[in-house]
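The values are calculated or read from the model by the stated rules, or taken from the named source; none is laboratory data. What you see is a predicted model; the values in this text were computed from it and never measured. All Cβ positions, even for glycine, are placed from backbone atoms using ideal geometry, and neighbour counts span all protein chains on display. Ligands, DNA and RNA are stripped out before the accessible areas are found, and what is left, the full protein with its side chains, is counted by its heavy atoms. Shrake-Rupley method; radii C 1.70, N 1.55, O 1.52, S 1.80 Å.
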Amino acid sequence: NYASIGLLDPANYTFGGSLVNGISPSTINNPDLSWEKTSSYDIGLDFGILDDRIYGSIEYFSSTTSDLLLAVQVPAALGFTNALTNIGEVVNKGFELSLTSRNVTGNFSWTTDFNFATIDNEVTKLGPSGDPILSSGGAGNRHITQIGSPIGSYYGYQTDGIYQTQAEIDAGPEDKIATPHPGDFKWVDINGDGIIDPLDRTIVGNYLPDFTYGITNTLGYDAFSLSFLIQGVSGSEVLNLTRRHMGNGEANYNGYSEWTERWRSASEPGNGLIPRANRQTGNSNNRPSSYQVEDASYLRLRNVTLSYTFPESKLGNALSGMRIYVSGTNLLTITDYLGFNPEVNNQEDNVNVQGEDYGAYPLSRVFTVGVNASF
């Protein structure tokens, strides 16, 4: 809201040798800012078979958004680091499938609802020059928006195992950022110039899943009803910034249990994925990298509800309907992600910076008992 107007925030200032209250600009104004524009098309098919015992729909969609609103870097001499601008174009496309099956009908009933969806997000234009946009999240510039990739992809160095010996280090590319030792990460020389420097940063993942799915089963017998929803995501990745602390090997914070599998020596290389413990990793092992990007695929028992609906004959004249129920939400999650919640997104309001986990609060497991009554 009000993004085209330069806003002011409270700020202290020294005036006449005393600290006084004041205000200062917090955002840069842009009177030419306009709405984004989206054009889309959908192709779908509705179907039903076996007298509609099984029915559903399948759909392909494609939408193109132009005049995309993104925060771009501006010269620091202006007093700001970024400004919201209409720049670029992005295409979203994918498939959606929904399916309902009435498996059993009668006094005992069983219905299954299934949905499946994919989405592909690709930036196709970025202003006249096409320059990529670096975005700062919870810990510096770790996201990039560039042509041919999803918005806000993770940006860092690509790891390639662990150095076992000094001979391997001597034979590898020269690291201009920090001096490697046996037990440190090998870094991929992306541009092939024989050195590791900031030009070797690349896309190391993104938050978009390969596909999402969900299945709801509803069973009924007489006045009882039981329903449960299982929901999942495959191929999504999280930028787990808590690894900067609990996964840096410096022992200045609590650590992940995977550090029991760290490199100790060439004869005790661990699992080949965790570097040596080092009190001062600095920019050696703790730089922005694929090591901090984790698979966030999961399968979750989202909801279970058991209910009983009283027959009208047992309600008398005061009630026209009554239902009692007990339900549980977020009962079970199966995932390899180390954090509390694979659905985490610390900065939902910034499209350039998605999929970060920097100590977000976990989902609550909730149990509910309730009564619905109609008088």
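Residue count for the stretch 148-170 satisfying the condition of being part of a loop (DSSP other than H, G, I, E, B), hydroxyl-bearing (Ser, Thr, Tyr) and under 19 Å from the mean Cα position of the chain (by Cα): 1.
Which of the residues belonging to the stretch 205-236 are under 17 Å from residue 156 (Cα atoms), out of contact with any Pro (no Cβ under 6 Å at 6 or more places or on another chain) and open to solvent by 20 Å² or more (accessible area, probe 1.4 Å)? 207, the sole residue that qualifies. Residue 102 meets all of the listed conditions (1) closer than 19 Å to residue 66 by Cβ; (2) not in a loop (DSSP other than H, G, I, E, B) but one, namely (1).
The rows are residues; the columns are (1) farther than 30 Å from residue 68 by Cα; (2) assigned to a loop (DSSP other than H, G, I, E, B).
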residue: 326; (1), (2): yes, no
residue: 333; (1), (2): yes, no
residue: 338; (1), (2): yes, yes
residue: 344; (1), (2): no, yes
residue: 347; (1), (2): no, yes
residue: 350; (1), (2): no, yes
residue: 353; (1), (2): no, yes
residue: 368; (1), (2): yes, no
residue: 371; (1), (2): yes, no
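Just one of (1) closer than 30 Å to residue 179 by Cβ; (2) in contact (Cβ under 8 Å) with a residue 24 or more places away in the chain fails for residue 296. It is (1). When the stretch 64-90 is filtered for residues that are open to solvent by 30 Å² or more (accessible area, probe 1.4 Å) and among the aliphatic types (A, V, I, L, M), the ones remaining, listed by number, are 69, 74, 76, 77, 78, 84, 87. Residues being under 30 Å from residue 153 (Cβ atoms), outside any loop (DSSP other than H, G, I, E, B) and at pLDDT 95 or above are represented in the stretch 301-308 by at least one member. Scan the stretch 83-112 for residues that are of a type outside the set (Ser, Thr, Tyr) and either under 17 Å from residue 51 (Cα atoms) or free of Cβ contacts under 8 Å to residues at least 24 places away in the same chain (or both) and jot them down. Listed by number, the residues that qualify are 99, 102, 103, 104, 106, 110.
Restricting the stretch 330-350 to residues that are open to solvent by 40 Å² or more (accessible area, probe 1.4 Å) and touching a Ser or Thr at 6+ places or on another chain (Cβ under 9 Å) leaves a set whose member that is modelled with the lowest pLDDT is 350. Contact map, the stretch 120-131: residues that are more than 11 Å from residue 72 (Cβ to Cβ) paired with residues that are small (Gly, Ala, Ser) and in a strand (DSSP E or B), Cβ distance under 6 Å, separation 6+ or inter-chain. Pairs shown: 120/94. Specify the residue that is least open to solvent (accessible area, probe 1.4 Å); the eligible residues are those in the stretch 289-300 that are part of a strand (DSSP E or B) and among the hydrophobic types (A, V, I, L, M, F, W, C). Taking the candidates together, the pick is 293. Where strands (runs of 3 or more DSSP E) fall wholly inside the stretch 1-74, the ranges with 2 or more residues that are more than 30 Å from the chain's Cα centre (by Cα) are 8-15, 18-25, 37-49, 54-66. Among the residues of the stretch 83-96, are any in contact with a strand residue (DSSP E or B) (Cβ under 9 Å, 6 or more places away or on another chain), among the acidic types (Asp, Glu) and part of a strand (DSSP E or B)? Looking through the stretch 83-96, at least one residue is in contact with a strand residue (DSSP E or B) (Cβ under 9 Å, 6 or more places away or on another chain), among the acidic types (Asp, Glu) and part of a strand (DSSP E or B).
Residue selection: residue 317 fails the criterion of being among the polar types (S, T, N, Q), open to solvent by 70 Å² or more (accessible area, probe 1.4 Å) and touching a residue at least 40 places away in the same chain (Cβ under 8 Å). Please work out which one of (1) at pLDDT 95 or above; (2) farther than 17 Å from residue 290 by Cα; (3) under 24 Å from the mean Cα position of the chain (by Cα) is the condition residue 195 fails and give its number. Of everything listed in (1) at pLDDT 95 or above; (2) farther than 17 Å from residue 290 by Cα; (3) under 24 Å from the mean Cα position of the chain (by Cα), residue 195 misses just condition (3).
Whenever a residue of the stretch 36-60 is farther than 23 Å from residue 92 by Cα and open to solvent by 70 Å² or more (accessible area, probe 1.4 Å), its partners that are in a strand (DSSP E or B) and among the β-branched types (Val, Ile, Thr), lying with C-beta atoms within less than 6 angstrom and at least six residues away or across chains, give the pairs 55/100. The residue of the stretch 251-288 that is farthest from residue 180 (Cα to Cα), among those that are exposed (fewer than 11 other Cβ atoms within 10 Å of the Cβ) and hydroxyl-bearing (Ser, Thr, Tyr), is 257.
Yes/no matrix, rows are residues, columns are (1) of a type in the set (A, V, I, L, M); (2) in contact with a helix residue (DSSP H, G or I) (Cβ under 7 Å, 6 or more places away or on another chain); (3) within 29 Å of residue 344 (Cβ to Cβ):
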| site | (1), (2), (3) |
| --- | --- |
| 228 | no, no, yes |
| 232 | no, no, yes |
| 238 | yes, no, yes |
| 255 | no, yes, yes |
| 260 | no, no, yes |
| 302 | no, no, yes |
| 306 | yes, no, no |
